[in-house]
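Here's the structure we're looking at; comments come further down.
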């Protein structure tokens, strides 16, 4: 069975997508999806790909709170390229004492999707400084072991 968004009390055959903005349509669809899975006994992971695109700030923050709430019952995986969304998710998770795991996927010469730690701009200042200090130690070792060419990659 397929569900669809239908406008109430509309006489003509107008589709919701013709009346609602992209953001309004997305938030209603997302709310319907979340309501549907809440009633299911299955606790499988849920994956979202940039769930807040096209949403205004209020709906974006409400969606983040709802996703973090969902983390209490099941695993939630969110793909995004937006550091602002990552910051919102981490902040909301922290308020709920949930420890998110942030993994970046990068493209390497041998293929795509290589997992690495969070990107430097997405890290809190102390963690970013620790990451930089760790890189300096590695760079110094490469300079001593392999010379300047290898060092410049780290530097």
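Readers should treat all values here as calculations from the given coordinates under stated rules, not as data from a laboratory. Here the structure is a predicted model, which means the values were calculated and not measured. Counting neighbours? That spans all protein chains shown, and the Cβs are built from the backbone with ideal geometry, glycine included.
Overall, the anisotropy analysis places segment 44-85 in the oblate class: the square-rooted eigenvalues a ≥ b ≥ c of its C-alpha gyration tensor yield a/c not less than 1.5, with a/b not exceeding b/c. Calculated mean residue ellipticity, 222 nm, the chain: -15500 deg cm²/dmol, from DSSP H runs (n ≥ 4) at -39500 (n - 2.57) each, averaged per residue and rounded to 500.
Calculated FRET efficiency, residue 104 to residue 18, Cβ-Cβ distance, R0 = 41 Å: about 0.60 to the nearest 0.05. Relative contact order of segment 67-155, taken over Cα pairs closer than 8 Å and 6 or more residues apart, is 15 percent. Can you tell me which of 12, 44, 53 moves the most in a GNM of the chain? Springs connect C-alpha atoms under 10 Å apart. In this elastic network of the chain, the residue with the biggest mean-square fluctuation among 12, 44, 53 is 12.
Note the direction-averaged projected area, equal to a quarter of the hull surface, for the Cα convex hull of segment 1-118, in nm². Computed as one quarter of the Cα hull surface, the answer is 10.1 nm². The GNM of the chain, with springs linking C-alpha atoms under 10 angstrom apart, assigns the highest mean-square fluctuation among 114, 61, 69 to 114.
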